[in-house]
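Step one of this worksheet: look at the structure below.
The values are calculated or read from the model by the stated rules, or taken from the named source; none is laboratory data. Here the structure is a predicted model, which is why all the values come from computation and not from measurement. Cβ coordinates were reconstructed from backbone atoms using ideal geometry, including for glycine residues, and neighbour counts include every protein chain displayed. Side chains are part of the model used for accessible areas, which takes the heavy atoms of the whole protein and leaves out ligands, DNA and RNA. Shrake-Rupley method; radii C 1.70, N 1.55, O 1.52, S 1.80 Å.
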Amino acid sequence: MAEGEPSCTEEGTEFSEFRCPGWSESQLRKYTFQTRPIPRLSHTDPRAEMLIDNEEPVVLTDTNLVYPALKWDTDFLQESIGDGDFSVYIAQTHKFLYYDEKKMANVENFTPKSRRVEMKFSEFVDKMHETEETGGEERLYLQQTLNDTVGRKIVVDFLGFNWKWINKQQAKRNWGPLTSNLLLIGMEGNVTPAHYDEQQNFFAQIKGYKRCILFPPDQFECLYPFPVHHPCDRQSQVDFENPDYEKFPNFKHVVGYETVVGPGDVLYIPMYWWHHIESLLNGGITITVNFWYKCCNEQAFMYPFKDLICCCWYHLLDLPWEDVLVPHVFCFLPMCHLVSLQRVSKQFQALIPVYLANCCSFDLSQAGPCIPKQMGLESINLIACRQLKDEAVCYLAKKCLKLKSLSVAVNTNISDVSVEVGAKNCPQMEHLDLTGCLREIMSPSGYQVKYSN
Ligand SMILES: O=C(O)CCC(=O)C(=O)O
């Protein structure tokens, strides 16, 4: 289902503004899966900020982020962009599947479906016109990081971008530095197949319309990325136009979020979100500049498995996790990343509690904002946490004043100190399970204590 023309009755359109779109449904390619609309909001709307905080996509309609560039077209750029070299991908198909040239040697007989050619901007424009005029199969897609070879007029426009707004966004979320601005100039109908990036992205549309279909990170099981070592790592193997359900059965369950962005719109593409992007059919050329930011400093991984975890979290589960992942990898991750990893897949969701249950220590200061500072927990189960000590239980008892039920069964180090502190701090405590606690424990009056030895 495509977003189509926003109407006030569609699901999710409480966020949509009514406007006259410069495109129609017939310009969208047809796919088999369902989608929901990505909210379109003013950057001043608190809901927009909430979505970005939650790392959920949103289209911001009025940031003026690239306002000076809205006049850009191929004539203006040809005149002003300078005589540097530009990377242009050339393909015989509309699909421009990204490949990492450095990884090509990893796979025998890998033949990319597009080739990268360095050329001057004017050559690109000439080639594009030639293709359009001859109606040839060949398609072009310029994808070049903006650099210091651009001419003065472009520099002036670039300096006029709304840096005040975007710098604030970056600072507020503690993101790392802006790594690059990729300039994308595509022919109508070009498609960038679904993939994810390891950076936060403000995707600013300048000319023409692009349909953007996004999928949250937890749908990776439906999207079948190429193996890590493969040049197409981070790209989905599924051909959206002709899905092979035998090979990729979970693709049947994929559900996307979509929008069509036009000049002046800025789409926030959160890190790790899959995105499929198409320049609309019969819509003329499209121009986009994106703003890529490294993940936030707080999220920067400080352990030797940085690349393994950060880039290929989905392959982690291929490791024999009982022997490798749990004892040797998770212990290098700060608690806030363990909590976040649970959102990645059902397996991680199951695995993290297994790891936590076997934790020797639990440093709450590492938990970051994922765990509330004031814990309103009513029930805590710490059965068989082998290294659990009184100090930890006392800490919890002092933090969780609403605690009604606590189990510290099968913990050899727990003594009556825990029980006393629990009794003093948790007046609502009704149930304390001390089964199998070997150290001497007195039963304080006032709540039920269960222990069998
Ligand atoms: O616009 C496109 O075709 C692809 C852009 C993209 O993948 C990105 O900005 O991350």
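Condition check: under 31 Å from the mean Cα position of the chain (by Cα), assigned by the TED database to the domain that holds ILE81, among the charged types (D, E, K, R) and open to solvent by 60 Å² or more (accessible area, probe 1.4 Å). Does ASP157 satisfy that? So ASP157 does not fit the description; no.
For the range 207-241, what are the residues that are of a type outside the set (Val, Ile, Thr) and in a strand (DSSP E or B)? LYS207, LYS210, ARG211, CYS212, LEU214, PHE215, PRO225, PHE226, ASP233, GLN235, SER236 - these are the residues of the range 207-241 that are of a type outside the set (Val, Ile, Thr) and in a strand (DSSP E or B). Among the conditions (1) assigned to a loop (DSSP other than H, G, I, E, B); (2) touching a residue at least 60 places away in the same chain (Cβ under 8 Å); (3) farther than 22 Å from GLU55 by Cβ, TYR245 misses just one, which is (2).
Residue under question is GLU278, and the condition is that it be surrounded by fewer than 20 Cβ atoms within 10 Å (Cβ to Cβ), farther than 28 Å from LYS168 by Cβ and modelled with pLDDT of 95 or more; does it hold? Answer is no for this residue.
Say whether the condition of being farther than 15 Å from GLY189 by Cα and in contact (Cβ under 8 Å) with a residue 24 or more places away in the chain is met by at least one residue in the range 88-98. Looking through the range 88-98, at least one residue is farther than 15 Å from GLY189 by Cα and in contact (Cβ under 8 Å) with a residue 24 or more places away in the chain. Restricting attention to the range 81-128, the residues that are in contact with an Asp or Glu (Cβ under 7 Å, 6 or more places away or on another chain), under 24 Å from ILE154 (Cα atoms) and either within 14 Å of the ligand (Cβ to nearest atom) or acidic (Asp, Glu) (or both) total 3.
Which residues, taken from the range 103-128, are open to solvent by 70 Å² or more (accessible area, probe 1.4 Å) and touching a helix residue (DSSP H, G or I) at 6+ places or on another chain (Cβ under 9 Å)? The one that is open to solvent by 70 Å² or more (accessible area, probe 1.4 Å) and touching a helix residue (DSSP H, G or I) at 6+ places or on another chain (Cβ under 9 Å): ARG116. The set of residues in the range 119-137 that are under 17 Å from THR149 (Cβ atoms) and of a type outside the set (Asp, Glu) comprises MET119, LYS120, PHE121, SER122, PHE124, VAL125. Number of residues in the range 271-282 that are away from the ligand (no atom under 11 Å from the Cβ) and touching a strand residue (DSSP E or B) at 6+ places or on another chain (Cβ under 9 Å): the value is 1. GLN143 - would you say it is closer than 23 Å to ASP100 by Cα, open to solvent by 20 Å² or more (accessible area, probe 1.4 Å) and of a type outside the set (A, V, I, L, M)? Considered against the rule, which asks whether it is closer than 23 Å to ASP100 by Cα, open to solvent by 20 Å² or more (accessible area, probe 1.4 Å) and of a type outside the set (A, V, I, L, M), GLN143 comes out as yes. Taken over the range 129-140, the criterion of being within 16 Å of the ligand (Cβ to nearest atom) and open to solvent by 30 Å² or more (accessible area, probe 1.4 Å) is satisfied by ARG139 alone. Considering (1) under 19 Å from LEU60 (Cβ atoms); (2) in contact with a helix residue (DSSP H, G or I) (Cβ under 8 Å, 6 or more places away or on another chain); (3) open to solvent by less than 10 Å² (accessible area, probe 1.4 Å), the lone condition that ASN162 does not fulfil carries the number (3).
Taking every residue in the range 128-148 that is assigned by the TED database to the domain that holds PHE158 and touching a residue at least 24 places away in the same chain (Cβ under 8 Å) and pairing it with any residue that is of a type in the set (Phe, Trp, Tyr) and open to solvent by 30 Å² or more (accessible area, probe 1.4 Å), at least 6 positions away or on another chain, the pairs with Cβ-Cβ distances below 9 Å are ARG139/TYR89; LEU140/TYR89; TYR141/TYR89; LEU142/TYR89; GLN143/TYR89; GLN143/TYR98; LEU146/PHE158. Summed over the range 207-230, residues that are more than 20 Å from the chain's Cα centre (by Cα) and within 16 Å of the ligand (Cβ to nearest atom) total 3. Do we find that ASN64 is modelled with pLDDT under 95, open to solvent by 10 Å² or more (accessible area, probe 1.4 Å) and in the same structural domain as LYS172 (by the TED database) in this structure? When the stated conditions are applied, ASN64 does not pass them. The set of residues from the range 369-383 being modelled with pLDDT under 70 and touching a Cys at 6+ places or on another chain (Cβ under 6 Å) comprises CYS370, MET375.
The strands (runs of 3 or more DSSP E) found entirely in the range 81-162 that carry 2 or more residues being among the small types (Gly, Ala, Ser) are 86-91.
Condition first: of a type in the set (Lys, Arg), more than 13 Å from the ligand (Cβ to nearest atom) and in the same structural domain as ILE38 (by the TED database). Can you find one or more residues in the range 231-243 that meet it? There is no residue in the range 231-243 that is of a type in the set (Lys, Arg), more than 13 Å from the ligand (Cβ to nearest atom) and in the same structural domain as ILE38 (by the TED database). Going through (1) more than 10 Å from the ligand (Cβ to nearest atom); (2) closer than 29 Å to ILE166 by Cα; (3) open to solvent by less than 10 Å² (accessible area, probe 1.4 Å); (4) touching a Lys or Arg at 6+ places or on another chain (Cβ under 6 Å) one by one, THR259 falls short only on (4).
Only residues that are of a type in the set (Gly, Ala, Ser) and open to solvent by 10 Å² or more (accessible area, probe 1.4 Å) were counted across the range 187-230, and they come to 1.
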